[in-house]
Amino acid sequence: MAQRETFGSRFSIIMAMAGSAIGLGNIWRFPYTVGEGGGAAFIIVYLVSTLLLTMPVFMAESIIGRTAQAGTFGAMQKLAPGSKWKWMGFLTVITPLIIVSYYSVVGGWSFGYLLKALTFSFNADAVDSIGGMFSRFTTSAWTPIVCHTVFLGSTCLIVLRGVKKGIEKFASITMPLLFVLILIIMVYSISLPGASAGLEYMLKPDFSKLDGKTIASAMGQSFFTLSLGTGSILTYASYVKKDENILISGLGTAGFDLLFAMIAGFAVMPAVFAAGIEPGAGPGLVFETLPYIFAKMGADAPWLSAAISILFFASILFAALTSSISMIEVGVAYLVEEKKMTRGRSVLLLFLGCWALGVICSLSFGPLAGISLLGKTIFEFCDSLTSDYLMAFGGLLFILFAGWKMSKATVREELTCFGKSKLNVALFPLLYFLIRYVAPFGIIAIFITNLIW
Ligand code: PHE
């Protein structure tokens, strides 16, 4: 049997996992969910839910993936042979494929906007037409579909090259670059006149907005941004060597992800206030606000404006690509390991399926806008189905599996580097308590609140 691929170093594990975690969830979704959820109050709930609920799920996925050395479906079959758990593995193969289909539409928008930036479309003359530009772009039939095709095609090409040469290499180069780019944009955004209102908005808590829905949305955001409940982290963990400390790589990934979300928030929110735009303006926020700022800036400093806008949309594009490859990899691991397909065939099959669903999602902004499922457009339906329900459900199943189905001894071995890490040994009782009780019951409680609210 061919040797299973592994990541080369701790740096590349964290870059690949952080690459999966850091994505549109941080740059595109985080700022507008914070906006809708009441600024800093939302961030506090989000932090608590990350520590108590989603970090334990992260650990559970890492433990399952690395113990089994297989993707989601295979892992369940290996660790609980003959049981129904494998169907849960199957569910989590489906979830990332639904996500990648609509995610690729937004990834395609960033590609389209990068092209606009490269052709100096956000110039001083365009100031008044920027708002209309976004709706014209997303409602037209063909251009977003072409952009979606390019985005998904690039994702698939990277996945095709495999774990070491494709995923690891791409993430190790683009993630540090992305960090530098977004820092530059943040500094620029904070220096804008009127930006302090945005900083205050991010830092001053408004607890009056907190209700069951906001708490559920903070948990949903935390699942989404850490790529949990989809098997992406589980699959990546299966490529991690046995002597690696998975607690450290998990905390490193979550730490980077949070840092990045905050920086992205500080890059976007001050600009939103400087432009006088409503902070809860929804998914269009970064595609409408920032180009407006770039266009305004174009009047005084056209070259700087062009450079910053190119950096910004290139950052979003890189961030989105390292995330979408982790979603496709879940499906590839399943088809290669369980259906014995070649990597090439698996990638092609997934490309075709996700491309078709993505086209429908893309058209739901324009020609198919009239079709609604439970009062939502097809795009909104896929987003809500996955981030409000399937991810938390998948995460819950993973954590129940690690906490209640796997033996405590195996979980301890995995979390403590086989007893070699003294710190992890000392922390183990707390971690196990979180995995077994706090996280599952917390997730169920929030889930139920969300359903009946
Ligand atoms: N975490 C990614 C982001 O923040 C999205 C993602 C979801 C990636 C599920 C993989 C699996 O954009």
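The values are calculated or read from the model by the stated rules, or taken from the named source; none is laboratory data. The shown structure was predicted, so the numbers you read here are calculated from the model rather than taken from an experiment. Every residue, glycine as well, gets a Cβ built from its backbone with ideal geometry; the counts of neighbours run over all protein chains shown. Keep in mind that these areas ignore ligands, DNA and RNA; they rest on the heavy atoms of the full protein, side chains included. Shrake-Rupley method; radii C 1.70, N 1.55, O 1.52, S 1.80 Å.
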**Message:** Need one value: the accessible area of Ile448 in square angstrom, 1.4 angstrom probe, rounded to the nearest 10.
**Reply:** 90
**Item:** Rounded accessible area per residue of the stretch 47-186, 1.4 Å, Å²
**Value:** 37
**Hz values of 3J(HN,Hα) by residue in the stretch 127-139 - Karplus curve (6.51, -1.76, 1.60), Gly and Pro given as x** = 3, 6, 9, 5, x, x, 4, 5, 6, 4, 5, 6, 8
**Request:** Determine the dipole magnitude for the chain: charges of +1 sit on the beta-carbon of Lys and Arg, -1 on that of Asp and Glu, nothing else is charged, the reference point is the Cα centre, and the result goes in debye to the nearest 20.
**Result:** 1620
**Request:** Using a 10 Å cut-off on Cβ atoms, rank the peptides 16-27, 392-403 from the highest mean neighbour count down.
**Result:** 16-27, 392-403
**Complete:** Ala319 neighbourhood, Cβ < 13 Å, K/R = +1, D/E = -1, net charge 0
**Prompt:** Taking N as the number of residues in the stretch 375-453, what is its Cα Rg relative to 2.2 N^0.38 Å?
**Reply:** 1.43
**Request:** Mind jotting down the distance between the C-alpha centroids of the stretch 165-192 and the stretch 92-114, whole Å?
**Result:** 20
**Message:** How charged is the neighbourhood of Met219? Take every other residue with its Cβ under 13 Å from the Cβ of Met219, and add Lys/Arg as +1 and Asp/Glu as -1.
**Reply:** 0
**Fill in**
Rounded to the nearest 10, the angle in degrees between the Cα long axis of helix 55-68 and the longest principal axis of the Cα atoms of the chain comes to 50
**Prompt:** So for Lys165, Lys84, what's the accessible-area order with a 1.4 Å probe, most first?
**Reply:** Lys84, Lys165
**Request:** Under 24 Å Cα to Cα from Lys408, which lysines show up? Leave out anything in the same chain fewer than 8 places away.
**Result:** Lys78, Lys84, Lys86, Lys241, Lys242, Lys420, Lys422
**Fill in**
Answer check: the chain, Cα atoms, Kirkwood Rh, Rg/Rh ratio of 0.96
**Request:** May I ask for log10 I(q)/I(0) of the stretch 199-261 at q = 0.21 Å⁻¹, from a Debye sum over the Cα atoms as equal point scatterers with solvent left out?
**Result:** -0.98
**Prompt:** What net charge is computed for the residues neighbouring Glu337, neighbours being all others with C-beta under 13 Å from the C-beta of Glu337, Lys and Arg scored +1, Asp and Glu -1?
**Reply:** +3
**Asked** Ordering Arg136, Arg4, Arg412, Arg345 from largest to smallest accessible area (1.4 angstrom probe), what's the sequence?
**Response** Arg345, Arg136, Arg412, Arg4
**Relative intensity, log₁₀ I(q)/I(0), of the stretch 154-206 from a Debye sum that treats every alpha carbon as a point, q = 0.14, 0.17 Å⁻¹** = -0.59, -0.67
**Request:** Give a residue-ordered list of calculated ³J(HN,Hα) values for the stretch 390-400 (Karplus: 6.51 cos²θ - 1.76 cosθ + 1.60, θ = phi - 60°; whole Hz; x for Gly, Pro).
**Result:** 4, 5, 5, 5, x, x, 5, 5, 4, 6, 5
**Fill in**
Taking only the alpha-carbon positions of the stretch 53-169 as identical scatterers, the Debye log10 I(q)/I(0) at q = 0.10 Å⁻¹ comes out as -0.51
